[in-house]
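Enquirer: Sharing a structure, written as structure tokens. Questions coming.
The values are calculated or read from the model by the stated rules, or taken from the named source; none is laboratory data. It should be emphasised that the depicted structure is a prediction, and the values quoted were computed from it without experimental measurement. Reconstructed Cβ throughout: ideal geometry from the backbone, glycine too, with neighbour counts over all protein chains shown. Only protein heavy atoms, including side chains, enter the accessible area calculation; ligands, DNA and RNA are left aside. Shrake-Rupley method; radii C 1.70, N 1.55, O 1.52, S 1.80 Å.
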Amino acid sequence: MATGSTTPIAATARAEASPLPGLIKDAGLFALVTLGLCVPIVSYRTDLGQGIGLVITTRWGTVLALCAAIFVLRLVQQLYLTGRARRRAARAPVVEGASRLAAILAPITLVIALTLPLLATLLTGSLGEGRYWIDLGILILTYVMLGWGLNIVVGLAGLLDLGYVAFYAVGAYSYALLSTVFGLSFWICLPLAGLFAAAFGVLLGFPVLRLRGDYLAIVTLAFGEIIRLVLINWTDFSGGAAGISSIPRVSFFGLPFTAGENGFAATFGLSFNAMHRLVFLYYLILVLALVTNLVTLRMRRLPLGRAWEALREDEIACRSLGIDTTITKLTAFALGAMFAGFAGSFFAVRQAFVSPESFNFLESAIILAIVVLGGMGSQIGVAIAAIVMIGGPELLRNLGFLKAVFGEGFDPNEYRLLLFGLAMVAMMVFRPRGLISERTPSVTIAERGR
Amino acid sequence: MSVAGINVLVEETRALQAPLLDVRGVSAYYGSIQALKGVDLHVKEGEIVALIGANGAGKSTLMMTIFGQPQARTGSITYAGRDITRMATHEIARLNIAQSPEGRRIFSRMSVRENLQMGAALHGGRYFAEDLERMCVLFPRLKERLDQRGGTMSGGEQQMLAIARALMSRPRLLMLDEPSLGLAPLIVKQIFSAVRDLNEREGLTVFIVEQNAYHALKLAHRGYVMVTGAVTMSGTGRELLDNPQVKAAYLEGGQH
Ligand SMILES: Nc1ncnc2c1ncn2[C@@H]1O[C@H](COP(=O)(O)OP(=O)(O)O)[C@@H](O)[C@H]1O
Ligand SMILES: [Mg+2]
């Protein structure tokens, strides 16, 4: 019996120790591959000799150093990764960490968003000076809204839509055409644009939602391109590649932002400032984005929204629980499209100009990247990802000192896509499930006594 | 008593006599491969009926065919007097048939509570609180884990969740596909006794598909044996347990 009692301890010890030899072996293998690669590439060098001809010098020291470096790096990497995996496994009910992070980030982000025009004014000295920041805020919020809209389709319902920008285009052109042709005001066009986009969503959804995964992605991708090509080629309707310009500006619910006496400033007894409109646009997109968010959060608690999430996990189970999967998918598609439509008409009213070039595949890709980086389904994650993806490249623009490093011709903006790529790769390695990967349950017990 | 009243009564007695679920001459295909070859079986109200058979016999296919996916190519399936042969899966589910499918198929990213909510969706969550309470009594293990994500639970707990989720829709007929698969004997015992309880106390009709023939036949009132897409034997649970052929084919290796 005495021997019996020692066995488990020995077994545990072995289990604890076992990773290391494995890791060393693995790192050794890496070093061996490095050696193999180094022999033809690094180990021989040809120099010009005294006379004619070349002299071969061997560089075994360098090779050795490289192999050693690879060995150590691989070992460190593996140790880090296994350590992390073990730490992860240790805190099994994972929910805590990520959702606590989200709980801190969300209010901070919201407060900054609400006070951005004020902050910009205070920090730069005047409202006019803060223009750059407010413009950037509008741009980011547009993408936050688009990200949240697409999140309904991709993150919640799990339908991979690569042509989301098509609905954005439908919204933008709805406003552009309705306002320039029929003279309708923005406030009438905004809901109409949403409706049109949703209608397009249903139109596309009916035939394609029977498709799964890859096939759905390809068809939506094609749909996005078709919309763009139609806009380019149907010149009579959409103005072709030249687009539609002089789209009416936004008004303060009927009061134009002009210097005249019927204008916004005069009515409220303010001195006219061209920035009023910009600030108004900022708050408009903020409200639109927040509405998107609130609707999504609300939907998640309703049976339909819960059905979206269930659908993403298991379609067959959903059907056998009496859920009509076609209708469920269609509603997700249409609702996502509707928010893109709203965002599109906002885009048109802000730019006062639309052209098909604004709605190319890269836009869809960026929005999708925002959703994926954000963690597929996490609202705050999407917002943070939009800030990083859209605001990050803007930061580059300001890094003038890089010119000193890389030479005069260096334009940081040209490296935008490269950085996107790097960010993606980094994400895949470090947070393969997105920035905020933990799904927060839509219901929890209120009394979480502990 | 009025004529209308008598008619209703006649209807009801007829409904009681006719089986709740009646499968007649059903064949089903996957592409050109025939998986079911004219299956006949029925389940009467209040019964527990077991379908046993080896791996690949077509048991799961039959269950899914009753649920309309794949649809039967020939034959008919009648449930509570209605022909459901050509109905869509979700419509069939809305007739109060619930299933715990092969592989459980719980929503693994969702919490236990949310999984149960999905089960209750059929009634718009009207009876949710009440039924949640019932499930917690039936499977005390779920009660402690209501906010745990489904995917992080053990196999047995997941099976309990799959059954509880099905029960949340207040079904008249509960269909279970291999609830004992991969579970420890003790857990299997718990699950089967819960099923028996439901049948005895609430009169729930149960159709259970199992490879674990011994337990299933002990539980069931009647049983069917399926071999390569066709029913080859039927009888009461006891009869099948004592049948030498069944013994040789499905009960060898001890009565676990
Ligand atoms: N989705 C499918 N596509 C093609 N063949 C299938 C599919 N599902 C099951 N089969 C085949 O149908 C037969 C019956 O399978 P199944 O009903 O799962 O058996 P059981 O549940 O009795 O183990 C098997 O030969 C299996 O290979
Ligand atoms: Mg099976």
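Enquirer: Using +1 on the beta carbon of Lys and Arg, -1 on that of Asp and Glu, and nothing else charged, what's the dipole of chain A about the Cα centre, debye to 20?
Expert: Charge dipole, chain A, about its Cα centre: 1380 debye, nearest 20.
Enquirer: Of the accessible area of region B:33-250, with the probe set at 1.4 angstrom, what percent is carbon plus sulfur?
Expert: 49
Enquirer: Counting only heavy atoms of protein chains, what accessible area per residue, in Å², does chain B have with a probe of 1.4 Å?
Expert: With all protein chains present, chain B gives 44 Å² per residue.
Enquirer: If you don't mind, there's one more thing I want to ask. Please give the helix A:19-41 orientation as an angle from the longest Cα principal axis of chain A, in degrees from 0 to 90, rounded to the nearest 10.
Expert: 90
Enquirer: How far is helix A:131-150 tilted, in degrees, relative to the longest principal axis of the Cα atoms in chain A, given as a value from 0 to 90 rounded to the nearest 10?
Expert: 80
Enquirer: Taking the C-alpha atoms of region A:186-263, how large are the radius of gyration and the largest Cα-Cα span, Dmax, in Å?
Expert: 18.0, 58
Enquirer: Report the extension gain between A:Ile108 and A:Arg397 in nm, rounded to one decimal, defined as 0.36 nm multiplied by the number of residues separating them, less their alpha carbon distance.
Expert: Going from the current span to full extension adds 101.5 nm.
Enquirer: Under 13 Å Cα-Cα from B:Lys44, which aspartates and glutamates qualify once same-chain neighbours fewer than 8 residues away are excluded?
Expert: Cross-link targets: B:Asp22.
Enquirer: Need one number: % antiparallel among DSSP beta bridges in the protein assembly as shown, to the nearest 5.
Expert: The antiparallel proportion sits near 60 percent.
Enquirer: Taking the Cβ-Cβ separation of A:Thr115 and B:Lys143 as r and a Förster radius of 41 Å, what is the calculated FRET efficiency to the nearest 0.05?
Expert: E between A:Thr115 and B:Lys143, to the nearest 0.05, is 0.35.
Enquirer: So, one more: So for the protein assembly as shown, taking the charge dipole from beta-carbon charges (+1 Lys/Arg, -1 Asp/Glu), which of A:Phe253, A:Gly149, A:Phe347 sits furthest toward the positive end?
Expert: Projecting each Cα onto the dipole axis, the largest value belongs to A:Gly149.
Enquirer: Need one word for chain B: rounded, prolate or oblate. Basis is the Cα gyration tensor (sqrt eigenvalues a ≥ b ≥ c); a/c below 1.5 gives rounded, then a/b vs b/c decides.
Expert: Rounded, because the longest to shortest axis ratio a/c is under 1.5.
Enquirer: As a check on your grasp of the helix formula, calculate [θ] at 222 nm for chain B: sum -39500 (n - 2.57) over DSSP H runs of n ≥ 4, divide by the residue count, round to the nearest 500.
Expert: -11500 deg cm²/dmol
Enquirer: Okay, moving on. Over all distinct Cα pairs, what is the inverse of the mean 1/r for region A:261-303, reported as the Kirkwood hydrodynamic radius in Å?
Expert: One over the average 1/r among Cα pairs gives 12.6 Å for region A:261-303.
Enquirer: Skipping prolines and chain starts, which residues have an amide H placed within reach, meaning under 5 Å, of the one on B:Val227, given they are 5 or more residues away or on another chain?
Expert: The list, which skips near neighbours in sequence, is B:Thr232.
Enquirer: Among B:Lys37/B:Lys143; A:Lys329/B:Lys37; B:Lys143/B:Lys218; B:Lys189/B:Lys247, which pairs are too far apart, with a Cα-Cα distance over 32 Å?
Expert: B:Lys37/B:Lys143; A:Lys329/B:Lys37
Enquirer: OK, next. Using only the Cα atoms of the protein assembly as shown, construct the convex hull and provide its projected area averaged over every direction, in square nanometres to one decimal.
Expert: One quarter of the hull surface, i.e. the mean projection, equals 51.7 nm².
Enquirer: Which value in Å is the Kirkwood Rh of region A:150-301 over different Cα pairs?
Expert: 17.8
Enquirer: What's the FRET efficiency of A:Phe430 with A:Trp60 using the Cβ-Cβ distance as r and R₀ = 35 Å, to the nearest 0.05?
Expert: 0.45
Enquirer: List the residues of region A:272-310 for which accessible area in the full set of protein chains is at least 30 Å² lower than for the chain on its own; 1.4 Å probe, protein heavy atoms only.
Expert: A:Arg306, A:Ala310
Enquirer: Could you calculate the FRET efficiency of B:Arg24 with B:Thr228 from 1/(1 + (r/R0)^6), where r is the beta carbon distance between them and R0 is 22 Å, rounded to 0.05?
Expert: 0.70
Enquirer: May I pose another question? Across region B:217-223, in residue order, what do the Karplus-derived ³J(HN,Hα) couplings come to in whole Hz, using 6.51 cos²θ - 1.76 cosθ + 1.60 with θ = phi - 60° and x for Gly and Pro?
Expert: 6, 5, 6, 7, 6, 10, x
Enquirer: In addition: Please name whichever of A:Gly421, A:Leu110, B:Leu132 sits farthest to the positive end of the charge dipole of the protein assembly as shown, dipole taken about the Cα centre and charges placed at Cβ: Lys and Arg +1, Asp and Glu -1.
Expert: Value: B:Leu132.
Enquirer: Sticking with this structure for a sec: Could you check the spin-label model distance between A:Val291 and A:Ala352? Points 7 Å from the Cα along Cα→Cβ, value in nm.
Expert: 2.4
Enquirer: State whether region B:20-103 is rounded, prolate or oblate according to the following rule on the C-alpha gyration tensor (a ≥ b ≥ c being the square roots of its eigenvalues): a/c under 1.5 gives rounded; otherwise a/b larger than b/c gives prolate, and the remaining case gives oblate.
Expert: Because its axes are fairly even, with a/c under 1.5, region B:20-103 counts as rounded.
Enquirer: Compute the relative contact order of region A:107-442 as a whole-number percentage, counting only Cα pairs closer than 8 Å that sit 6 or more residues apart in sequence.
Expert: Reported relative contact order: 30 percent.
Enquirer: Mind ranking A:135-147, A:260-272 by how tightly packed they are, going by the mean number of other C-beta atoms within 10 angstrom, highest first?
Expert: In decreasing order of mean packing, A:135-147, A:260-272 become A:135-147, A:260-272.
Enquirer: Just want to confirm a number: the relative contact order over chain B, from Cα pairs under 8 angstrom separated by 6+ residues, in percent.
Expert: Answer for chain B is 25 percent.
Enquirer: Against the longest alpha carbon principal axis of chain A, how many degrees, from 0 to 90 and to the nearest 10, is the axis of helix A:275-301 turned?
Expert: The helix A:275-301 is inclined about 60 degrees to chain A.
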